[in-house]
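Read the structure below first, then the notes.
The values are calculated or read from the model by the stated rules, or taken from the named source; none is laboratory data. Keep in mind the model is a prediction, meaning the values are calculated, not measured. Backbone-built Cβ (ideal geometry, glycine too); neighbour counts: all protein chains shown. Please note that ligands, DNA and RNA were not included when accessible areas were found on the heavy atoms of the full protein model with its side chains. Shrake-Rupley method; radii C 1.70, N 1.55, O 1.52, S 1.80 Å.
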Amino acid sequence: MSEKIILGIDPGTTIMGFGLIKVKNKQMEFLQLNELQLKKYDDHYVKLKVIFERTIELIDTFHPDEIAIEAPFFGKNVQSMLKLGRAQGVAMAAGLSREIPITEYLPKKIKMAITGNGNASKEQVAKMLQSMLKLKSLPKNLDSTDGLAAAVCHFYNSGRPDIGKSYTGWDAFVKQNPGKVKNQ
């Protein structure tokens, strides 16, 4: 395929970042950068519903061929990790429901792909993306640039073995995660 669209997602329950790029003849072209503000919703389940609906809306609008999503990092706060994992799972379910291949990347891998430094700051990643994709300005919150970074990381890692966990659909996800998905 000489042209494809990659949707990058930085999952979150306060702000969820999205970035889209088009790849044509092995060249990246910036499409969109956006964030979903979730602070106004008090109910965690409502947040998950909004994440799912917005992800489906992005998929139906831009028709991405692939989705790259930032994998949750392991923190000390178990409640935060659980919420973040749910947000990521809901975004993945939206993509899987449309049978779009999904690849997860660890935050360090994304930072390394963009800046050459796995410990780079959000600001360093954003500045490098601004330079690479000739963005006129950067958003106030950098969650959307984190989503864009996931898409760019996926572009750089396409065609390479061992890039992260990939799922081509719900069946593939279930096969690759035995014991994690139970049939009721």
Can you give the accessible area of residue 61 in Å² (nearest 10), computed on protein heavy atoms with a 1.4 Å probe?
-> 90 Å²
Virtual spin-label span in nm between residue 97 and residue 53, 7 Å along Cα→Cβ = 1.1 nm
Sites matching trypsin sites (Lys or Arg not before Pro) across the stretch 111-163 that sit in DSSP coil, with at most 15 neighbouring C-beta atoms within 10 Å = 134, 136, 140
Would you calculate the separation in nanometres between label points at residue 79 and residue 26, each defined as 7 Å from the Cα along the Cα-to-beta-carbon direction?
-> 5.1 nm
Specify which residue in the list 7, 105, 25 is farthest towards the positive end of the charge dipole of the stretch 1-122, using unit charges on the beta carbon of Lys, Arg (+1) and Asp, Glu (-1), about the Cα centre.
-> 105
Give the share of C-alpha pairs in each 10 angstrom bin for the stretch 106-148, from 0 to the last occupied bin, in whole percents, shortest bins first.
-> 31, 59, 9
Roll a 1.4 Å probe over the protein heavy atoms and report the accessible area of residue 2 in Å², nearest 10.
-> 80 Å²
Work out how much length residue 44 to residue 108 would gain on full extension: take 0.36 nm times their residue separation and subtract the Cα-Cα distance, in nm to one decimal.
-> 20.3 nm
Accessible solvent surface per residue of the stretch 5-53, calculated while the other protein chains remain in place, 1.4 angstrom probe, Å² = 50 Å²
Of all chymotrypsin sites (Phe, Trp or Tyr not before Pro) in the stretch 70-151, the ones in DSSP coil with at most 16 other Cβ atoms within 10 Å are 73, 74
What is the set of long-range amide H partners of residue 69 at a cut-off below 5 Å, with H atoms built 1.01 Å from backbone N?
-> 9, 103, 104, 105
Would you mind getting me the FRET efficiency between residue 62 and residue 122? Use the beta-carbon distance for r and R0 = 25 Å, nearest 0.05.
-> 0.55
